[in-house]
Amino acid sequence: MTPQKEAVITVDGASGTGKGTVSQLLAKRLRWKLLDSGALYRVLALAAQKHSVALDNEKALNVLAEHLDVQFIAQENNLTRIILEGEDVTEIIRTEKIGNAASIVAALPAVRAALLSRQRAFRDKPGLVADGRDMGTVVFPDAELKIFLQATPEERAMRRYNQLKERGISVTLGDLIEELRERDKRDQERIVAPLKPAEDAICIDTNHLTIEQVVERILFEIKRKKAFPATLHLEINPILVEAAE
Ligand code: C5P
């Protein structure tokens, strides 16, 4: 008999759909593990920069990805510190520049293949919330619940704009929309694991929803599925769910 695999919920979507925050909150509510797969591609892009590897050198990037010395250390406050070669890179990898570089290396088939088993190794008790672009289609095709978050480029750029403004970083909305479109195009048109909903994914339009409404809606789907016995006790706010349906 093959051993029972741990439960997985996948949350995929384009940049700025809120999937990172939603996944973090979901993992916290469920007390499950979290995989931020985008962070792996960001760390690889940073490692490439550090070791002067060109972003189109697929062979060297494959070697770098296979030997990537990275640790994800879960903190008490539910945040994860990311350590690359002994250095804390949690904040550095969040810049737009690294995000763009990540999407360039992520389009290379040898890079994606090298990072596959690393991502699957996050599957652990009592369950995993996996956040990314291809979690439901490629990395965990057998996930019990697959969510795909959507929002227009304008709305996603606006969210990003507000986030950056809060951090005192000045950018123009027009530039952000342009960058997002470029990144979307690269993510959607690449040959391997393009950004798209799995056939059995539940798509949620987040344009007019708050993060809390999206989380509540997903918790509602979790309960409705009855696939995760350990989550049946979860309290759900029906008002938030109704707004998100
Ligand atoms: O989600 P995040 O913005 O951190 O991801 C950075 C980049 O990594 C994305 O633009 C995308 O190109 C790539 N990525 C990917 N597959 C994933 C997660 C991220 O290709 N599962």
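Go through (1) over 13 Å from residue 18 (Cα atoms); (2) surrounded by fewer than 15 Cβ atoms within 10 Å (Cβ to Cβ); (3) away from the ligand (no atom under 13 Å from the Cβ) and name the single condition residue 228 misses.
(2)
Can you tell me which residues in the range 124-155 are more than 16 Å from the ligand (Cβ to nearest atom) and either farther than 18 Å from residue 185 by Cα or buried (at least 20 other Cβ atoms within 10 Å of the Cβ) (or both)?
Selection gives 124, 125, 126, 127, 142, 144, 145.
Restricting to the range 105-117, name every residue that is modelled with pLDDT of 95 or more and either more than 19 Å from residue 185 (Cα to Cα) or in a helix (DSSP H, G or I) (or both).
105, 109, 110, 111, 112, 113, 114, 115, 116
Here are 70, 105, 89: which of them is touching a residue at least 24 places away in the same chain (Cβ under 8 Å), surrounded by 14 or more Cβ atoms within 10 Å (Cβ to Cβ) and either within 10 Å of the ligand (Cβ to nearest atom) or of a type in the set (Ser, Thr, Tyr) (or both)? I'd like the intermediate steps shown before the answer.
Numbers: 70 fails: either within 10 Å of the ligand (Cβ to nearest atom) or of a type in the set (Ser, Thr, Tyr) (or both); 89 fails: either within 10 Å of the ligand (Cβ to nearest atom) or of a type in the set (Ser, Thr, Tyr) (or both).
Matching residue, one of 70, 105, 89: 105.
So, in the range 30-66, exactly how many residues are surrounded by fewer than 19 Cβ atoms within 10 Å (Cβ to Cβ) and either under 14 Å from residue 147 (Cβ atoms) or β-branched (Val, Ile, Thr) (or both)?
Qualifying residue count, the range 30-66: 2.
Among the residues of the range 118-155, how many are in a loop (DSSP other than H, G, I, E, B) and in contact with a Cys (Cβ under 8 Å, 6 or more places away or on another chain)? Give the derivation first.
To start, the set of residues in the range 118-155 that are in a loop (DSSP other than H, G, I, E, B) comprises 121-126, 133-134, 140-144, 151-152.
Going one step further and asking which of them are in contact with a Cys (Cβ under 8 Å, 6 or more places away or on another chain), we end up with none.
Number satisfying all stated conditions: 0.
Is it fair to say residue 45 is more than 15 Å from the chain's Cα centre (by Cα), within 10 Å of the ligand (Cβ to nearest atom), closer than 27 Å to residue 189 by Cα and modelled with pLDDT under 95? Write out each step before concluding.
Details: more than 15 Å from the chain's Cα centre (by Cα): yes; within 10 Å of the ligand (Cβ to nearest atom): yes; closer than 27 Å to residue 189 by Cα: yes; modelled with pLDDT under 95: no.
For residue 45, the condition - more than 15 Å from the chain's Cα centre (by Cα), within 10 Å of the ligand (Cβ to nearest atom), closer than 27 Å to residue 189 by Cα and modelled with pLDDT under 95 - is not met.
Filtering the range 207-225 down to residues that are out of contact with any Lys or Arg (no Cβ under 9 Å at 6 or more places or on another chain) and in a loop (DSSP other than H, G, I, E, B), which residue is surrounded by the fewest Cβ atoms within 10 Å (Cβ to Cβ)?
208
State the number of residues belonging to the range 26-57 that are in a loop (DSSP other than H, G, I, E, B) and not hydrophobic (A, V, I, L, M, F, W, C). Spell out how you get there, then give the answer.
First, the residues of the range 26-57 that are in a loop (DSSP other than H, G, I, E, B): 31-32, 51-57.
Adding the requirement that they be not hydrophobic (A, V, I, L, M, F, W, C) leaves 31, 51-52, 56-57.
Matching residues across the range 26-57 total 5.
Kindly list, by first and then second residue, each pair from a residue in the range 31-48 that is over 16 Å from residue 135 (Cα atoms) and without any contact (Cβ under 8 Å) to a residue 40 or more places away in the chain to a residue that is assigned to a helix (DSSP H, G or I) and more than 9 Å from the ligand (Cβ to nearest atom), limited to pairs with Cβ atoms under 6 Å and residues at least 6 apart or on different chains.
Once the first residue is over 16 Å from residue 135 (Cα atoms) and without any contact (Cβ under 8 Å) to a residue 40 or more places away in the chain and sits in the range 31-48, its partners that are assigned to a helix (DSSP H, G or I) and more than 9 Å from the ligand (Cβ to nearest atom) give 47/64.
Could you check the range 108-123 and list, in sequence order, the residues that are touching a residue at least 24 places away in the same chain (Cβ under 8 Å) and either among the aliphatic types (A, V, I, L, M) or within 14 Å of the ligand (Cβ to nearest atom) (or both)?
Let us first name the residues in the range 108-123 that are touching a residue at least 24 places away in the same chain (Cβ under 8 Å), namely 108-115, 118-119, 122-123.
Within the range 108-123, 108, 109, 110, 111, 112, 113, 114, 115, 118, 119, 122 meet the criteria.
Is there any pair linking a residue in the range 3-29 that is at positive phi to one that is within 9 Å of the ligand (Cβ to nearest atom) and assigned to a helix (DSSP H, G or I), with Cβ under 7 Å and at least six apart or on different chains, and which?
As it stands, the answer is 13/19, since those pairs meet every condition given.
Which of the numbered conditions does residue 79 fail, given that it passes all the others? Conditions: (1) under 19 Å from the mean Cα position of the chain (by Cα); (2) at pLDDT 95 or above.
Of everything listed in (1) under 19 Å from the mean Cα position of the chain (by Cα); (2) at pLDDT 95 or above, residue 79 misses just condition (2).
Tell me yes or no: at least one residue of the range 185-204 is touching a residue at least 24 places away in the same chain (Cβ under 8 Å), more than 23 Å from residue 101 (Cβ to Cβ) and either out of contact with any strand residue (DSSP E or B) (no Cβ under 8 Å at 6 or more places or on another chain) or within 13 Å of the ligand (Cβ to nearest atom) (or both).
yes
The values are calculated or read from the model by the stated rules, or taken from the named source; none is laboratory data. In this text the structure is predicted, and so the values were computed from the model without any measurement. Note: ideal-geometry Cβ built from the backbone for every residue, glycine included; neighbour counts use all protein chains shown.
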